[in-house]
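Student: Input: one structure, supplied below.
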Number of protein chains: 2
Amino acid sequence: MVNIPCSVKKPRVGIMIGDPSGIGPEVVIKSIFEERIKKCCQPILIGSVEVVQAVLDMLGKHAQLHVLTTPEQFNQINWDNEGIFVFDTGELALKDVTLGKDNAVCGKATGIWLDQADQLARMGLLDATVMAPISGVAMEEAGVLDRVVQPIPGQSYLLLVSGPLRVAHLTDHVPLREVSGLISRPLVEKTLEILQQTFEVWGVKQPRIAVAGFNPHAKGQEESEEIIPAVLASQQKGLNVSGPISPDTVFRHCIDGYYDLVLAMYHDQGHIAVKTAAFSGNYAVIIGPPYPHTSVAHGTAYDIVGKGIADHSMMLNAILAAASLAAGEGFPQLN
Amino acid sequence: MVNIPCSVKKPRVGIMIGDPSGIGPEVVIKSIFEERIKKCCQPILIGSVEVVQAVLDMLGKHAQLHVLTTPEQFNQINWDNEGIFVFDTGELALKDVTLGKDNAVCGKATGIWLDQADQLARMGLLDATVMAPISGVAMEEAGVLDRVVQPIPGQSYLLLVSGPLRVAHLTDHVPLREVSGLISRPLVEKTLEILQQTFEVWGVKQPRIAVAGFNPHAKGQEESEEIIPAVLASQQKGLNVSGPISPDTVFRHCIDGYYDLVLAMYHDQGHIAVKTAAFSGNYAVIIGPPYPHTSVAHGTAYDIVGKGIADHSMMLNAILAAASLAAGEGFPQLN
């Protein structure tokens, strides 16, 4: 049961089908056949229509495919038509797919599709985007790995969502011994402002933000010189911010409902909490772009591709979340 | 249900009653009235016999008290007697207790009791010791806070146990930016050897030890220059060691049964995992002393002291674990 009040106007959610050699297209198609997706958003797949048809066949499912090839068609097509809408500019043919194996042609195509999703969203033709599993190896071979949206301190942030636990990260893939030097009052303050504004737009009013400390029991130089002044300044601006809170208890407090999200200081601080708590159906959201961009926590699962047995629960949640956030209706209650 | 096979000779477990102004004596007495404690060990309380009697009265429980005042009496007393054995050298009178409030007299007494527990264990009169909640404030006021056994890198280690998750910490209360400089091949190698030997003595044969990385995805300089060489050297010595493993997945793998314990590189790495996973009945063990020393994860709970409502499940587990490890029977299966 999903508790998403549906908007009058359904948000258009662009779903990049992921690397076609992996399970991405399969979990995407399984998801959009779910009634609750149809109720709450208008999904538009971004990828190869040939691949989509092949996966439909593999799954024994039937649907009419409506192909869009230019942005202009978004305003011409009849969205009330039954079937599946696919934006496909012909980057990839089915014969280029090597199920269960990385290849640079697929990598290049996924890079282009990610770019297209971003452009369509920035043109206002999509309200949110979702990324199915890509292959970092294939994209690197094709020289397009930079197309994957990466968190940049001060500009964009990785938000992991796992049941009631939501964790934004101040810093991402940084050697741990360098994190101390990155924690500054201006960065923490700016991040809190971005988190506050983004959550408001998404429908979480006056979000209760907990700031994790950096040191054991949140007691150290980084706290006294940088984090505490940033929290005090944010509170004076009216933000509902608490902290710094001992890193070993703040995530449990969020799970118990005392906060809407935790701002973690470094990658593993948040990732250890999320992956150890292990609620099901995890997804990630990138905070920073002017639209919600979600992705799943799993990979291409080459070992089970083409068998129709891939679990699509994470993809389902990632799409439901993108739709709900784009509609300004907050985080969906999933179970 | 507890699955501890009982030794022929029951281990003698010394239980320091904790700060008498807190819930320590209450959870200790509730625990030793449990049948499974009586079956598997001979508990000896260390603390004030007047306090013990007062808590028995408060709980409406009755037991004969056998008071030992010198180490020599351990070899003279009839352990087959029914009742509760208390080692009390007269450090504290009931009138010195201020329920729910810190006081230096209680702090001083708890310091002395901790020393006595350690001495009795080193004399071979106790097989294990357990520490009930102390008050850091009261002990600091009395100038005896150093009596609490603290992990010292290279000598002693904090092991947190939470359901199937067991985490030893290479470093403890160290500013996070200083941890990188402490991670060295010799320290990791020595620690792995101590963990291996200790677990063997405790009854976990060929323990499967997972070493957590330090950086995101266990990829960085600390891994390549210090941790990996230490793991390889340990493997060559025959230890069953894996790693370094990505810090955000290694704890989940331990919970899922792939390892007997994880060696965490820093305080919060382990503490976040343990406190977020939140199995019930957590306890801590200090690795290093020549006997098992366990303690509970909660504090003196001044707000509920004297009411008889304190939950003793953590204390029960701490005592059962001390008994089981001292008997060389491994970690008890608790639930």
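Student: Have a look at segment B:272-287 and report residues whose accessible surface goes down by 30 Å² or more when the remaining protein chains are included, against the chain on its own, probe 1.4 Å, ligands and DNA/RNA excluded.
Tutor: Flagged in segment B:272-287: B:Ile272, B:Lys275, B:Thr276.
Student: I need the calculated FRET efficiency for the pair B:Gln221 and B:Arg122, taking r as the beta carbon distance and R₀ as 51 Å, to the nearest 0.05.
Tutor: Details: r = 41 Å, r/R0 = 0.80.
Once rounded, the FRET efficiency stands at 0.80.
Student: On a 1.4 Å probe surface of the protein chains, which of B:Thr198, A:Thr89 comes out largest in accessible area, and what is the full order? Walk me through the numbers before you get to the answer.
Tutor: Details: B:Thr198 25, A:Thr89 55 Å².
Accessible-area ranking of B:Thr198, A:Thr89, largest first: A:Thr89, B:Thr198.
Student: Need one number: % antiparallel among DSSP beta bridges in chain A, to the nearest 5.
Tutor: 30 percent
Student: If you don't mind, there's one more thing I want to ask. Between B:Lys237 and B:Gln197, what length comes free when the chain is fully extended (0.36 nm per residue of separation minus the Cα-Cα distance, one decimal in nm)? The partial results should precede the final answer.
Tutor: Numbers: separation 40, 0.36 × 40 = 14.40 nm, distance 1.25 nm.
Gain on extension, B:Lys237 to B:Gln197, equals 13.1 nm.
Student: Relative to the present Cα-Cα distance, how much length would full extension add between B:Lys307 and B:Thr89 at 0.36 nm per residue of separation?
Tutor: Working: separation 218, 0.36 × 218 = 78.48 nm, distance 2.73 nm.
Full extension from B:Lys307 to B:Thr89 adds 75.7 nm.
Student: Of the residues B:Glu200, B:Glu82, B:Glu50, which exhibits the maximal mean-square fluctuation in a Gaussian network model of chain B defined by a 10 Å Cα contact cut-off?
Tutor: B:Glu82
Student: Further question on the same structure: How high is the relative contact order of chain B, given as a whole-number percent (alpha carbon pairs under 8 Å, six or more residues apart)?
Tutor: Working: 704 pairs, mean separation 83.6, N = 335.
The value is 25 percent.
Student: Report which residues of segment A:226-249 become buried by 50 Å² or more of accessible surface when going from the isolated chain to the complete set of protein chains (1.4 Å probe; DNA, RNA and ligands ignored).
Tutor: A:Asp248
Student: Same structure, new question: GNM on chain B, C-alpha springs below 10 Å: top fluctuator among B:Tyr291, B:Tyr266, B:Tyr258?
Tutor: With Cα springs under 10 Å in chain B, the top fluctuation among B:Tyr291, B:Tyr266, B:Tyr258 is at B:Tyr258.
Student: Please compute the per residue accessible area over segment A:18-83 with all protein chains in place, 1.4 Å probe, rounded to a whole number of Å².
Tutor: Per residue, segment A:18-83 has an accessible area of 43 Å².
Student: Could you tell me the relative contact order of segment A:61-191? Use alpha-carbon pairs under 8 Å, at least six residues apart, and round to a whole percent.
Tutor: Contact order relative to length: 17 percent.
Student: Please give the solvent-accessible surface of B:Met58 in Å², to the nearest 10, using a probe radius of 1.4 Å with every protein chain present.
Tutor: 70 Å²
Student: Quick check: the angle from helix B:313-326's long axis to the longest principal axis of chain B, C-alpha only, nearest 10 degrees?
Tutor: For helix B:313-326, the angle is close to 70 degrees.
Student: With all protein chains present, calculate the accessible area of A:Lys38 using a 1.4 Å probe and round the result to the nearest 10 Å².
Tutor: That residue has around 90 Å² of solvent-accessible surface.
Student: Would you tally the net charge around A:Leu59, using a Cβ to Cβ cut-off of less than 11 Å, leaving A:Leu59 out, and scoring K and R as +1, D and E as -1? Walk me through the numbers on the way to the answer.
Tutor: Values: positive: A:Lys30, A:Lys61, A:Lys307; negative: A:Glu26, A:Asp57.
Within the 11 Å Cβ shell, the charges total +1.
Student: Nearest 100 Å² is fine: how much accessible area is buried between A and B, summed over both sides, with a 1.4 Å probe?
Tutor: Details: alone 14410 and 14410 Å², together 26250 Å².
Using a 1.4 Å probe, the pair buries roughly 2600 Å².
Student: Rounded to the nearest whole Å², what accessible area per residue is found for segment A:157-276 with the 1.4 Å probe? Could the numbers behind the result be given before it?
Tutor: Values: 4070 Å² over 120 residues.
Per-residue value: 34 Å².
Student: What 222 nm value per residue comes from the helices of the protein assembly as shown, counting each DSSP H run with n ≥ 4 as -39,500 (n - 2.57) and dividing by all residues, nearest 500 deg cm²/dmol? Walk me through the numbers before you get to the answer.
Tutor: Working: 22 runs with 238 residues, N = 670.
Dividing the helical sum by the residues of the protein assembly as shown leaves -10500 deg cm²/dmol.
Student: What pairs from B:Lys205/B:Lys237; A:Lys219/B:Lys190; A:Lys38/A:Lys205; B:Lys9/B:Lys190 go past 24 Å between their alpha carbons?
Tutor: Details: B:Lys205/B:Lys237 15 Å; A:Lys219/B:Lys190 29 Å; A:Lys38/A:Lys205 27 Å; B:Lys9/B:Lys190 33 Å.
Beyond 24 Å: A:Lys219/B:Lys190; A:Lys38/A:Lys205; B:Lys9/B:Lys190.
Student: Could you give the dipole magnitude of chain B about its Cα centre, charging the beta-carbon of Lys and Arg +1 and that of Asp and Glu -1, in debye to the nearest 20?
Tutor: Values: 24 positive and 35 negative charges, 145 e Å.
Approximately 700 debye in magnitude.
Student: Further question: Please report, in debye to the nearest 20, how large the charge dipole of segment A:157-276 is about its Cα centre when each Lys and Arg carries +1 at its beta carbon and each Asp and Glu carries -1 there. Intermediate results must be reported in sequence, preceding the final value.
Tutor: Working: 10 positive and 13 negative charges, 49 e Å.
About 240 debye.
Student: Shortest first and in nm to one decimal, what separations exist between A:Asn78 and its copies in the other chains, measuring from label points 7 Å along the Cα-to-beta-carbon line?
Tutor: A:Asn78 label point versus its equivalents elsewhere: 10.0 nm.
Student: What is the calculated FRET efficiency for A:Asn75 to B:Tyr258, with r their C-beta to C-beta distance and R₀ = 56 Å, to the nearest 0.05? Working shown, then result.
Tutor: Numbers: r = 54 Å, r/R0 = 0.96.
About 0.55, to the nearest 0.05.
Student: Given label points at 7 Å from Cα along Cα→Cβ, what nm distances, shortest first, separate A:Lys237 from the same residue in every other copy?
Tutor: 5.2
Student: Still on this structure, I have one more. Do you know which residues of segment B:168-183 lose at least 10 square angstrom of accessible area in the protein assembly compared with their chain on its own, with a 1.4 angstrom probe?
Tutor: Residues passing the criterion (a loss of at least 10 Å², heavy atoms only) are B:His173, B:Val174, B:Pro175, B:Leu176, B:Arg177, B:Ser180.
Student: Provide the solvent-accessible area of A:Leu239, counting protein heavy atoms only and rolling a 1.4 Å probe, rounded to the nearest 10 Å².
Tutor: The accessible area of A:Leu239 comes to roughly 20 Å².
Student: Then there is this: Radius of gyration and Dmax for the protein assembly as shown's Cα atoms, expressed in Å?
Tutor: Computed over the Cα atoms of the protein assembly as shown, radius of gyration and Dmax are 29.0, 97 Å.
Student: Here is a further query. Show which aspartates and glutamates lie in cross-link reach of A:Lys307 when reach means a straight Cα distance below 12 angstrom and same-chain residues fewer than eight apart are skipped.
Tutor: By straight Cα distance, A:Lys307 reaches A:Glu26, A:Asp57.
Student: Answer rounded, prolate or oblate for segment B:157-276, using the Cα gyration tensor with square roots of eigenvalues a ≥ b ≥ c: rounded when a/c is under 1.5, else prolate when a/b is larger than b/c, else oblate. Don't skip to the end; give the middle numbers.
Tutor: Details: a/c = 1.45, a/b = 1.10, b/c = 1.32.
In terms of gyration-tensor shape, rounded.
Student: Quick one: 3J(HN,Hα) in Hz for segment A:170-179, Karplus 6.51/-1.76/1.60 with θ = phi - 60°, rounded, Gly and Pro as x.
Tutor: Each residue's phi maps through the Karplus curve to give 5, 10, 10, 7, 10, x, 4, 6, 8, 5 Hz.
Student: What is the distance in Å between the Cα centres of segment B:172-203 and segment B:74-124?
Tutor: Measuring centre to centre over Cα atoms gives 32 Å.
Student: If you put a point 7 Å past Cα along the Cβ direction, how far is that point for B:Val67 from the same point in each other copy, in nm, smallest first?
Tutor: Output for B:Val67: 9.4 nm, nearest copy listed first.
Student: Could you tell me the relative contact order of segment A:157-276? Use alpha-carbon pairs under 8 Å, at least six residues apart, and round to a whole percent.
Tutor: Details: 203 pairs, mean separation 46.3, N = 120.
Relative contact order for segment A:157-276 comes out at 39 percent.
Student: So, one more: Where both residues lie in the protein assembly as shown, what percent of DSSP beta bridges are antiparallel, nearest 5?
Tutor: On the way: 26 of 82 bridges.
Rounded to the nearest five, the antiparallel share is 30 percent.
Student: Now for a separate question. Can you give me the distance in nm between label points at A:Phe33 and B:Thr98, each placed 7 Å from the Cα along the Cα-to-Cβ direction?
Tutor: Reported label-point gap for A:Phe33 and B:Thr98 is 7.1 nm.
Student: Follow-up question, since we're still on this one. For segment B:254-335, with only Lys/Arg (+1) and Asp/Glu (-1) charged at the beta-carbon, what is the dipole magnitude about the Cα centre, in debye rounded to 20?
Tutor: Values: 2 positive and 6 negative charges, 35 e Å.
With only Lys, Arg, Asp and Glu charged at Cβ, the dipole is about 160 debye.
Student: With springs connecting C-alpha atoms under 10 Å apart, model chain A as a Gaussian network and identify which of A:Leu170, A:Leu325, A:Leu65 has the largest mean-square fluctuation.
Tutor: Result: A:Leu65 has the largest fluctuation of those listed.
Student: Return the carbon/sulfur percentage of the accessible area of segment A:108-221, one whole number, probe 1.4 Å, all protein chains in place. Working shown, then result.
Tutor: Details: 2310 of 4420 Å².
Roughly 52 percent of what the probe reaches on segment A:108-221 is carbon or sulfur.
The values are calculated or read from the model by the stated rules, or taken from the named source; none is laboratory data. Quantities reported herein were computed from a predicted structural model and do not represent experimental measurements. Note that we place each Cβ from the backbone using ideal geometry, even for glycine, and neighbour counts take in every protein chain shown. Please note that ligands, DNA and RNA were not included when accessible areas were found on the heavy atoms of the full protein model with its side chains. Shrake-Rupley method; radii C 1.70, N 1.55, O 1.52, S 1.80 Å.
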